[in-house]
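Asker: Take this structure, written in structure tokens, and hold onto it; I'll ask about it next.
The values are calculated or read from the model by the stated rules, or taken from the named source; none is laboratory data. Because the structure is a prediction, the values reported are computed rather than measured. Cβ placement follows ideal geometry from the backbone for every residue including glycine, while neighbour counts extend to all protein chains displayed.
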Amino acid sequence: MSTPLVEDPLLATKLAVPHQAPGLVRRQRLMRRLASGTEGPLTLVAGGAGFGKTALVASWAAARQTTAPVVWVRVDEDDTPGVFWAYLVEGLRRHGVLADADLGRPVRTDAVARGLLVRLASLLERLRTPVVLVVDGLDRIPGAGVHRDLRFLVEHAGPALHLVLISREDPALPLHRYRAEGLVHEIRERDLAFTRGEAAQLLRGQGLTVDDGVVELLLRRTEGWAAGLRLCALAMTRSDDPAGFARCFGASEQAVSDYLLTEVLATQPAASRELLLRTAVLNPVHPELATALTGREDSEQVLQDLVLRHAFVEPLASPRWYRFHPLFAEVLRAHLRSRQPGLEPWLHRTAARWYVERGRTAEAVTEAAAGGDWAWAAARTVEHLMVAPMVVDPGASPSADTFARMPAATPGPAPALVAAACCLTRHDTSGCRSWLARAERRAERRAEPPGRPPERSGRLTAALLGLLSAPAGADDTQARRVAALMAHLPPEERRRHPEIEPLRLYGLACVRRRAGELQAAREGLDEAVRACTGDTTVLLRHRCLGRLGLADAAAGALARAQDHATASLDVADRHSVPDAHRSGAAGLALAAVALERAELLTAATELDRCEQLPDTCRDPDLATERLVLRSRLATSRGQAQDALDLLDALTPAVGSEAAGSLAEARATAALARGDPGTAVRVLEEVPVGPPSRTVLLAEAHLAAGDARQALHLVAEIEGAEDATLPDRVRLALLRAHHTLLEGDEPAARDRFVQALDLARRELLRRPFTEAGPWVRHLLRGLDGRSSSCAWVTAEPSRPGAVVVEALSPREREVLQQVARMLSTEEAAAELGLSVNTVKTHLRSAYHKLGASRRRDAVERARELHML
Amino acid sequence: MRYEFRIEGSVSETLSRAFPELDHHLAPRDTRFFGTVTDEAHLYGLLARFRDLGLHIEEMRRLPD
């Protein structure tokens, strides 16, 4: 995968060594220190804003003789850790450092998965030639996560990596230890402060001839602060009496930055002052944008002049774009707010219009949002179909965060549509539906709010969101509407929105699944997976594969389910998707497979794991799946009452398909508890469903002693096309059981062997483990009649399973009592032992089973057939 | 919780307005900002704001409520 990150004009500026303004003071003493620092693993350049940190490292990078590449990554204010790592990997790739290694592309979220760091470190460790990696502005990433990740890299990447961190704050690395071990070279504020010679050079460079006394004065007052000295130079070149300025400054007791900026602004010609004040609220700035905000045509000249003076702005690597130094931007904003209160929103809105005219809709929406023009921002988001990326790609701009502060009462249908999309990013489908209803009502009122989006994109957005939040019982009307509206888009427009079609396929497949059309859902999800080809649909691909795995498992195709679920996890790993953006579908699918194969520990582990993921409990479909699997697991563990309690405690409002599978879970548990009457009642309360439900009902009738009714049901679905493999196995077992009850043991065995042969392909164990004690009886009597029965009784394969020492008879007895849910005291009474003896035996049993809790020990022992 | 921040040098009205939630008092050589700080996040936000404006904190202390 060597496709470049989506090319945006400012991308180059993030990965380029910053431009060197001509005439900058070359600080040899510090450059020498950098050169020796970068021989080691870590160099830290730390100091306050305006101390010339970036300028120093950039001039060193530009001047160095060796060929070892310098990979530069600039961090911007709104970068998330995911964005940072994505750029870092891209930077390394562009310099050929990664060669052909395939690291995958991190998704642009608020964290990255650990796997990325491990792979990155091991790649760097194998490098033969050194590489210098500069991270400029580490303090701009919130949280300590990136620091922790960088620490991992420093400590594991081997000798080829030389990291240079530029930061206003000390990073959260164990610097004291690094210092003691000589691992870090530090260039700090006291080093960065200008010396007298450098200060004099700086002033001379601006054409000022001043005596030593003035230099000394400025240096003392600014304490060698580079930005302060530059501001002094700027003010003095505008002044008739430079020495007089220095004297006033020296005598002033005002805070240095405050004094200098106020003075400098005062000495600027009105035109540049206005430009500075008006454009500082936007970062970065383009001369034409500056013209739009100030109404002056000479903006470019003013900006270039400021660059030459090394004050306020610096040019970006992308032509004609400039960036304000963050310190000045803040102070200028303060001046703007104080001098022209109320102008700031207008500036943002004007910038938004300027951007939209140039086709840069993402920036336009961001600026409009910053200016509080929510109706307009939402209207553009809908008009340009930016809702779809917002739903699938957390790194998209605009994102749900952009609209986090939008008031609910913002008029017009577009804000309601955007609010609906924001709900969807949180898996809140009912919230999404109620916003969609609001959008529809608002559209009907035809209030013509400002900037109403054209009908078609509004309808397409509404249909897509409607499809994705469809309640149980919905049909494919919305999906057809999306397809029809898409067909009306010009081809180039369609190409610009590659996420809409996979979203439509995914939504449609989910609707089908909810309607019980399992096969159609599987085909649809498969199609959706194949449609997710780009970088923006990584998460959707991950989600589709997980759901496909779940649907496979429901259809009894366990091997396929496992493949798809594993593929889903692979996608997430390859793209370093953090937990907060992973879907629990794949884990649920793996749990379902493990349950069918009676691998209970694996099932429990998968369930525990995927319950940590946000959509497992928030998404209605997955929440139902999870509940069914949890109750099935409890039933399989012999805790049928727990299963029923679980189902009683959490009864989500669900559609008929989900209600059916919940009823099946309940009936299974009731049957396991020896209560076929309840099982029958529960199943008869829900409409006739897939064959699995009928099989279960037949099993319940047979258990209740009503063989006639059971056989009647069996005949109904015999040969049904939609019977899954587990259904057919259970049917064969049911017939075997019935025949056995009739007293014809040889015929029962024949049917039993049939069931075994059917089940073997998918290692389907659950129908056998849960059918009852008669199965063991038949199994014992097989004796070579079928060579294929070993897998049923074999211990399920479990990676990392340890060989377990056999339990002593006493330990086994104690554990058996515990398995009956007796307390230690009760078990002691039952066995006629002292409480302490019971505890000793239990501890020893735990130890042998590698378990730390009762429940685990019992389960392990059951699984190993020790109980 | 109430805090006081002592800032090096006098701070102009313009920059002081960047801290609307704090009162301020000008002394000869420094400026004292004080007021109620909602929580830890607010506190760190204020520290960052002082820094972003190039204002140096000489002293910071919690005031009795």
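Asker: Out of A:LEU503, A:LEU485, A:LEU508, A:LEU464, report the one residue that is assigned to a helix (DSSP H, G or I) and touching a Gly at 6+ places or on another chain (Cβ under 6 Å). Walk me through how you get there before you give the answer.
Answerer: On the way: A:LEU503 fails: touching a Gly at 6+ places or on another chain (Cβ under 6 Å); A:LEU485 fails: touching a Gly at 6+ places or on another chain (Cβ under 6 Å); A:LEU464 fails: touching a Gly at 6+ places or on another chain (Cβ under 6 Å).
The conditions single out A:LEU508.
Asker: Which of the following residues is out of contact with any Asp or Glu (no Cβ under 6 Å at 6 or more places or on another chain) and over 29 Å from A:ARG574 (Cα atoms): A:ALA509, A:ALA463, A:ALA521, A:ALA528?
Answerer: A:ALA463 is the lone residue from the list that is out of contact with any Asp or Glu (no Cβ under 6 Å at 6 or more places or on another chain) and over 29 Å from A:ARG574 (Cα atoms).
Asker: Please find, within region A:109-130, the residue that is nearest to A:HIS19 (Cα to Cα) out of those that are surrounded by fewer than 20 Cβ atoms within 10 Å (Cβ to Cβ) and of a type in the set (Val, Ile, Thr).
Answerer: Out of the qualifying residues, it is A:THR129.
Asker: On to the next question. Go through (1) more than 14 Å from every other protein chain (Cβ to nearest Cβ); (2) aliphatic (A, V, I, L, M); (3) closer than 30 Å to B:ARG51 by Cα one by one and return the number of the condition A:VAL331 breaks.
Answerer: (1)
Asker: Suppose the filter is out of contact with any Cys (no Cβ under 7 Å at 6 or more places or on another chain), crowded, with 18+ Cβ neighbours inside 10 Å, more than 16 Å from A:THR38 (Cα to Cα) and in the same structural domain as A:GLY52 (by TED's automatic domain parsing); does A:ARG148 pass it?
Answerer: Details: out of contact with any Cys (no Cβ under 7 Å at 6 or more places or on another chain): yes; crowded, with 18+ Cβ neighbours inside 10 Å: no; more than 16 Å from A:THR38 (Cα to Cα): yes; in the same structural domain as A:GLY52 (by TED's automatic domain parsing): yes.
Against the criterion (out of contact with any Cys (no Cβ under 7 Å at 6 or more places or on another chain), crowded, with 18+ Cβ neighbours inside 10 Å, more than 16 Å from A:THR38 (Cα to Cα) and in the same structural domain as A:GLY52 (by TED's automatic domain parsing)), A:ARG148 does not qualify.
Asker: Kindly indicate whether any position in region A:596-606 is in a helix (DSSP H, G or I) and at pLDDT 95 or above.
Answerer: Within region A:596-606, the subset in a helix (DSSP H, G or I) is A:596, A:600-606.
Narrowing the set further to residues that are at pLDDT 95 or above leaves none.
Within region A:596-606 (the criterion being in a helix (DSSP H, G or I) and at pLDDT 95 or above), the answer is no, since none of the residues qualifies.
Asker: To continue, here is another question. Would you pick out the residues in region A:289-305 that are closer than 14 Å to A:LEU277 by Cα and not in a helix (DSSP H, G or I)?
Answerer: Within region A:289-305, A:GLY295, A:ARG296 meet the criteria.
Asker: Regarding A:ALA404, is this residue more than 14 Å from chain B (Cβ to nearest Cβ) and of a type outside the set (S, T, N, Q)?
Answerer: Here the answer is yes, as A:ALA404 does meet what is asked.
Asker: Find the residue count for region A:334-353, including only residues that are more than 13 Å from chain B (Cβ to nearest Cβ) and of a type in the set (Gly, Ala, Ser).
Answerer: Residues flagged as more than 13 Å from chain B (Cβ to nearest Cβ) and of a type in the set (Gly, Ala, Ser) within region A:334-353 amount to 3.
Asker: Where in chain B are there strands (runs of 3 or more DSSP E), lying wholly inside it, with at least 3 residues that are more than 18 Å from A:ARG333 (Cβ to Cβ) and either touching a Cys at 6+ places or on another chain (Cβ under 8 Å) or away from chain A (no Cβ under 14 Å) (or both)? First the steps, then the outcome.
Answerer: Numbers: elements: B:2-8, B:23-26, B:30-36, B:57-63.
Qualifying strands (runs of 3 or more DSSP E): B:2-8, B:30-36, B:57-63.
Asker: Checking A:THR279 against (1) closer than 25 Å to A:ARG358 by Cα; (2) hydroxyl-bearing (Ser, Thr, Tyr); (3) surrounded by fewer than 17 Cβ atoms within 10 Å (Cβ to Cβ): exactly one of these is not met. Which one?
Answerer: (3)
Asker: Can you say whether A:LEU741 is of a type in the set (A, V, I, L, M, F, W, C), assigned to a helix (DSSP H, G or I) and buried (at least 16 other Cβ atoms within 10 Å of the Cβ), as far as the supplied structure shows?
Answerer: For A:LEU741, the condition - of a type in the set (A, V, I, L, M, F, W, C), assigned to a helix (DSSP H, G or I) and buried (at least 16 other Cβ atoms within 10 Å of the Cβ) - is not met.
Asker: Kindly check whether there is at least one residue in region A:712-719 that is under 19 Å from A:ALA670 (Cβ atoms) and either of a type outside the set (Lys, Arg) or part of a helix (DSSP H, G or I) (or both).
Answerer: Scanning region A:712-719, I find at least one residue that is under 19 Å from A:ALA670 (Cβ atoms) and either of a type outside the set (Lys, Arg) or part of a helix (DSSP H, G or I) (or both), so the answer is yes.
Asker: Also, I was wondering about something else. Kindly indicate the residue of region A:32-54 that is assigned to a strand (DSSP E or B) and more than 14 Å from chain B (Cβ to nearest Cβ) and also nearest to A:SER257 (Cα to Cα) among those meeting that condition. Please lay out each step first, then the result.
Answerer: Restricting attention to region A:32-54, the residues satisfying the condition of being assigned to a strand (DSSP E or B) are A:42-46.
If we keep only those that are more than 14 Å from chain B (Cβ to nearest Cβ) too, we end up with A:42-45.
On the way: A:LEU42: 31, A:THR43: 28, A:LEU44: 25, A:VAL45: 22 Å.
Here the answer is A:VAL45.
Asker: Within the bounds of region A:264-271, is there any residue that is away from every other protein chain (no Cβ under 13 Å) and under 27 Å from A:ALA364 (Cβ atoms)?
Answerer: yes
Asker: Can you name the residue in region A:67-87 that is in contact with a strand residue (DSSP E or B) (Cβ under 9 Å, 6 or more places away or on another chain) and of a type outside the set (A, V, I, L, M) and is also farthest from the other protein chains (Cβ to nearest Cβ) among such residues?
Answerer: At the first step, the residues of region A:67-87 found to be in contact with a strand residue (DSSP E or B) (Cβ under 9 Å, 6 or more places away or on another chain) are A:68-75, A:84, A:87.
From the residues that got through so far, the ones that are of a type outside the set (A, V, I, L, M) too are A:69, A:72, A:74, A:84, A:87.
Working: A:PRO69: 33, A:TRP72: 24, A:ARG74: 18, A:PHE84: 19, A:TYR87: 23 Å.
The extreme case among them is A:PRO69.
Asker: Out of region A:220-261, which residues are among the hydroxyl-bearing types (Ser, Thr, Tyr), within 10 Å of another protein chain (Cβ to nearest Cβ) and touching a residue at least 40 places away in the same chain (Cβ under 8 Å)?
Answerer: Residue satisfying the conditions is A:SER257 alone.
Asker: Is there a residue in region A:425-439 that is more than 22 Å from A:ARG541 (Cα to Cα), touching a His at 6+ places or on another chain (Cβ under 7 Å) and touching a residue at least 24 places away in the same chain (Cβ under 8 Å)?
Answerer: Checked region A:425-439: no residue is more than 22 Å from A:ARG541 (Cα to Cα), touching a His at 6+ places or on another chain (Cβ under 7 Å) and touching a residue at least 24 places away in the same chain (Cβ under 8 Å).
Asker: Now a separate question. From the list A:VAL164, A:VAL154, pick out the single residue that is in a helix (DSSP H, G or I), touching a strand residue (DSSP E or B) at 6+ places or on another chain (Cβ under 7 Å) and buried (at least 18 other Cβ atoms within 10 Å of the Cβ).
Answerer: It is A:VAL154.
Asker: Select from region A:277-293 the residues that are within 14 Å of another protein chain (Cβ to nearest Cβ) and not small (Gly, Ala, Ser) and list them in ascending order.
Answerer: Selection gives A:LEU277, A:VAL281, A:ASN283.
Asker: Right, something else. Could you tell me how many of the residues in region A:284-300 are among the polar types (S, T, N, Q) and in contact (Cβ under 8 Å) with a residue 60 or more places away in the chain? Write out each step before concluding.
Answerer: Of region A:284-300, the ones among the polar types (S, T, N, Q) are A:291, A:294, A:299.
Okay, now just the ones that are also in contact (Cβ under 8 Å) with a residue 60 or more places away in the chain, so none.
Within region A:284-300, residues that are among the polar types (S, T, N, Q) and in contact (Cβ under 8 Å) with a residue 60 or more places away in the chain number 0.
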